[in-house]
Number of protein chains: 2
Amino acid sequence: MSNLLRLENQVCFPLYAFSREVTQLYKPLLDELGLTYPQYLVMLILWEEKEQTVNQIGEKLYLDSGTLTPLLKRMEQKGIINRKRSTADERVVVVSTTDLGAGMMDRATCIPDQLIAALGLSIEELTQLKTIINKALVR
Amino acid sequence: MSNLLRLENQVCFPLYAFSREVTQLYKPLLDELGLTYPQYLVMLILWEEKEQTVNQIGEKLYLDSGTLTPLLKRMEQKGIINRKRSTADERVVVVSTTDLGAGMMDRATCIPDQLIAALGLSIEELTQLKTIINKALVR
DNA sequence: CGCGATTATATTGTGCGCAATGTATATTTG
DNA sequence: CAAATATACATTGCGCACAATATAATCGCG
């Protein structure tokens with residue numbers, strides 16, 4: 001068979017497997033905050049900028065409303081974010097952290113370091129990884 | 001706020017976004033075969049070795065029966081694989097390609113090259129990416 | 001102003017991914 | 001050999017992802 005079709009020769013399979021692996025590495029850390037990984041990404045955005053529309057969140061995370069609407073509703077249920085229609089434009093839903101959600105930031109500050117340690121890659125490797133991936137993402 | 005919590009400073013977010021992006025790049029190519037990306041990975045395994053147990057597939061793809069059982073049933077429905085209990089050990093389900101599934105390999109040979117082109121990364125970058133990720137995966 | 005086009009979000013349906021649990025079959029051990 | 005244990009797969013339930021479509025609000029253009 002074609003060598004290129006061998007699983008061991010795939011470039012994208014390690015990427016796919018590693019991405020899931022990383023989510024698993026986050027899990028024990030995020031469990032303490034009661035967040036999933038996509039929910040954590042939303043919180044990162046809201047900790048930076050208190051008010052964001054669904055659209056803005058979607059553009060930053062490359063996710064559409066089919067994913068975000070139910071995800072944000074679950075976060076609202078947990079009491080960590082608010083969702084309210086903009087009065088200026090009734091189509092827009094503005095998302096913001098509640099006090100509870102804002103207060104979680106302190107407990108999250110240790111997560112990046114813990115995760116980097118769990119990955120077991122050097123800073124150079126991490127930088128290379130990020131550089132290569134960002135190059136492909138930007139296109 | 002902590003610099004490490006900024007979305008733009010995350011290492012894992014680009015990985016997560018890129019992994020999904022790559023699946024989207026595969027989509028038009030795999031649509032012609034009627035496969036999803038995880039199903040394509042299963043076919044790669046079966047094209048290499050005609051008979052594989054659910055367990056062997058799971059170990060190679062890092063997926064459990066909760067994912068594989070329904071996925072393999074869908075592939076069986078499409079008529080591209082067979083699932084049958086081993087007579088030697090009734091617990092084991094042996095998966096193999098049908099003639100239809102085996103015949104799809106020819107049409108798949110062009111996919112790796114097309115995908116690499118779509119990624120827009122140099123061979124060196126692809127090699128680096130694979131090396132770094134594999135190092136983290138092996139641990 | 002009115003109406004077609006655009007925009008923002010929601011809904012529906014399908015397919016993963018994974019934790020937790022169930023069930024049947026094998027294997028090990030006393 | 002029987003009971004305990006381990007193994008292989010299936011099932012259930014939940015949370016993403018994403019395509020396709022729906023709905024409502026706004027915008028732009030004549």
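Remarks
- Any hit, segment B:15-31, residues being surrounded by 14 or more Cβ atoms within 10 Å (Cβ to Cβ) and farther than 29 Å from residue A:128 by Cα: yes
- Checked against the criterion of being more than 9 Å from DNA strand C (Cβ to nearest atom), within 25 Å of residue A:18 (Cβ to Cβ) and modelled with pLDDT under 95, the candidates B:4, B:46 yield just one match: B:4.
- Restricting segment B:36-60 to residues that are among the polar types (S, T, N, Q) and within 14 Å of chain A (Cβ to nearest Cβ), the residue that is nearest to DNA strand D (Cβ to nearest atom): B:56
- From the options A:136, A:102, residue that is farther than 18 Å from residue A:49 by Cβ and either away from DNA strand C (no atom under 16 Å from the Cβ) or in contact with a strand residue (DSSP E or B) (Cβ under 6 Å, 6 or more places away or on another chain) (or both): A:136
- Whichever residue in segment B:61-86 is more than 12 Å from DNA strand D (Cβ to nearest atom) and within 12 Å of the chain's Cα centre (by Cα) and, among such residues, is farthest from residue A:12 (Cα to Cα): B:62
- Residue that is surrounded by the most Cβ atoms within 10 Å (Cβ to Cβ), among those in segment A:35-65 that are part of a helix (DSSP H, G or I) and hydroxyl-bearing (Ser, Thr, Tyr): A:40
- Residue match in segment A:82-95 (condition: within 14 Å of chain B (Cβ to nearest Cβ) and not charged (D, E, K, R)): no
- Residues of segment B:50-96 classified as among the polar types (S, T, N, Q) and farther than 16 Å from residue B:38 by Cβ, total: 6
- Note on segment A:5-34: among residues that are in a loop (DSSP other than H, G, I, E, B) and touching a residue at least 24 places away in the same chain (Cβ under 8 Å), the one that is farthest from DNA strand D (Cβ to nearest atom) is A:32.
The values are calculated or read from the model by the stated rules, or taken from the named source; none is laboratory data. None of the values given here were measured: they were computed from a predicted structure. Neighbour counts run over all protein chains shown; Cβ positions are idealised from the backbone, glycine included.
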